[in-house]
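The values are calculated or read from the model by the stated rules, or taken from the named source; none is laboratory data. Since the structure is predicted, the reported quantities are computational estimates derived from the model, not experimental observations. Note: ideal-geometry Cβ built from the backbone for every residue, glycine included; neighbour counts use all protein chains shown. Side chains included, ligands, DNA and RNA excluded: accessible areas come from the protein's heavy atoms. Shrake-Rupley method; radii C 1.70, N 1.55, O 1.52, S 1.80 Å.
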Amino acid sequence: LAHDPLLQLLAEMAARQGMSCYKNRLRAAGQPLDPDDITANTSEDLPEKAFQDFKRVLGNSGNAAQYWLFWAERHGLIVKGFPLLCSNCHSKQWTPVSAFAPPIICRGCATFMDMPFRDRPLINFKYRLSERLRRVYEHDAIGHLLTMRYFQSIFSSAGGSRLIGVHPGLEIRRPRDGLVIGEADNLMLFRNADFVPVEVKRTFAGVLPAEVEKLTQLAKALQSPWSALAVCQYGAAAPDSFRQLESRGKGADPFRLILTYDLLLDSHPVWTL
């Protein structure tokens, strides 16, 4: 998933059908896009994409699209199917390949589709997001997954990992009275018992001073040696105010890392000087 053009295509596939015009109007008006307003509520509302769409974003040469779709189908991220048109009521429906078992009943008029493919000699398969991946976009959690993958790779070695695990979306409460201290988009637990919180944002516009302060206070409450702030955009688009949030010099307090797509989408993240 760590590929920017592919992520853009998957985000389009997570949106409700017919949302492209709505999104363009919001962008033209300078209004933020709310994932709750855009993401399809059910798998039936998801748009379909053809093999050529994946070939376009993954490279027109070679078999990258073919291999990626095979991997995504096996791991339950993408569902292969085909659209059908009822000859009786002319309603459209989408059928996964694994669910194709004649006779097919039209969901519009409840009659049998005698010739579901009409006179087509070939079937052009289309692809939709699986329910698993739709829910990831519904909760706006792609950035959480990319950040988890990045740190898992950084702290892993041939002898194991210094990380016990990473949990997305944890609310931290004070034990004596249940008061909410803060919320970590990702919370890492290390083998030396250190907790490290991570804040994840889709855009630099979402990095507000109040959110940064919440992250700082949460790190203090957890006695974290450091914290991190990740944004799902390339660093070239980052404002100076975001770059100044990085604090990793000797004796820095708080010690804070910033991450952008330049690092998050690295195929094999490794420690560097």
Quick count over segment 187-203, residues being touching a Gly at 6+ places or on another chain (Cβ under 6 Å) and without any contact (Cβ under 8 Å) to a residue 24 or more places away in the chain, is 0
Can you confirm whether segment 19-34 contains a residue that is modelled with pLDDT of 90 or more, farther than 21 Å from residue 131 by Cα and not in a loop (DSSP other than H, G, I, E, B)?
no
Identity of the residue in segment 197-214, crowded, with 23+ Cβ neighbours inside 10 Å and hydrophobic (A, V, I, L, M, F, W, C), that ends up nearest to residue 181 (Cα to Cα)
198
For segment 53-76, pairs from a residue that is in contact (Cβ under 8 Å) with a residue 12 or more places away in the chain and outside any helix (DSSP H, G or I) to a residue that is open to solvent by less than 80 Å² (accessible area, probe 1.4 Å) and not aliphatic (A, V, I, L, M), with Cβ under 6 Å and 6 or more apart or across chains, are 76/130
Residue under question is residue 111, and the condition is that it be surrounded by 13 or more Cβ atoms within 10 Å (Cβ to Cβ) and within 25 Å of residue 248 (Cα to Cα); does it hold?
no
Are there helices (runs of 4 or more DSSP H) fully within segment 196-273 with at least 1 residues that are in contact with a helix residue (DSSP H, G or I) (Cβ under 6 Å, 6 or more places away or on another chain) and under 16 Å from residue 145 (Cα atoms)? List them.
261-264
Please enumerate the residues belonging to segment 167-190 that are open to solvent by 30 Å² or more (accessible area, probe 1.4 Å) and within 25 Å of the chain's Cα centre (by Cα).
167, 168, 169, 170, 171, 183, 189
Taking the stated definitions as given, is residue 228 open to solvent by 40 Å² or more (accessible area, probe 1.4 Å), closer than 19 Å to residue 172 by Cα, among the aliphatic types (A, V, I, L, M) and touching a strand residue (DSSP E or B) at 6+ places or on another chain (Cβ under 6 Å)?
no
Keeping to segment 233-250, report how many residues are surrounded by 13 or more Cβ atoms within 10 Å (Cβ to Cβ) and more than 26 Å from the chain's Cα centre (by Cα).
1
Taking segment 251-262, which residues are within 24 Å of residue 142 (Cβ to Cβ) and surrounded by 17 or more Cβ atoms within 10 Å (Cβ to Cβ)?
256, 257, 258, 259, 260, 261
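Quick check, is residue 184 without any contact (Cβ under 8 Å) to a residue 60 or more places away in the chain, touching a His at 6+ places or on another chain (Cβ under 9 Å) and among the aliphatic types (A, V, I, L, M)? Even if it seems obvious, please write down each step before you answer.
Working: without any contact (Cβ under 8 Å) to a residue 60 or more places away in the chain: yes; touching a His at 6+ places or on another chain (Cβ under 9 Å): yes; among the aliphatic types (A, V, I, L, M): yes.
Yes.
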If I filter segment 266-273 for residues that are modelled with pLDDT of 95 or more and surrounded by 18 or more Cβ atoms within 10 Å (Cβ to Cβ), do I get at least one hit?
no
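Considering only segment 143-166, I want to know if a residue exists there that is hydroxyl-bearing (Ser, Thr, Tyr), part of a helix (DSSP H, G or I) and either without any contact (Cβ under 8 Å) to a residue 60 or more places away in the chain or surrounded by fewer than 19 Cβ atoms within 10 Å (Cβ to Cβ) (or both).
Filtering segment 143-166 down to residues hydroxyl-bearing (Ser, Thr, Tyr) leaves 147, 150, 153, 156-157, 161.
From what is left, the residues that are part of a helix (DSSP H, G or I) are 147, 150, 153.
From the residues that got through so far, the ones that are either without any contact (Cβ under 8 Å) to a residue 60 or more places away in the chain or surrounded by fewer than 19 Cβ atoms within 10 Å (Cβ to Cβ) (or both) too are 153.
Yes, segment 143-166 contains a residue that is hydroxyl-bearing (Ser, Thr, Tyr), part of a helix (DSSP H, G or I) and either without any contact (Cβ under 8 Å) to a residue 60 or more places away in the chain or surrounded by fewer than 19 Cβ atoms within 10 Å (Cβ to Cβ) (or both).
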Pair list, Cβ under 8 Å, 6 or more apart: segment 249-261 residue over 19 Å from residue 238 (Cβ atoms) and in contact (Cβ under 8 Å) with a residue 24 or more places away in the chain, other residue part of a loop (DSSP other than H, G, I, E, B) and of a type outside the set (A, V, I, L, M):
254/226; 255/225; 255/226; 255/248
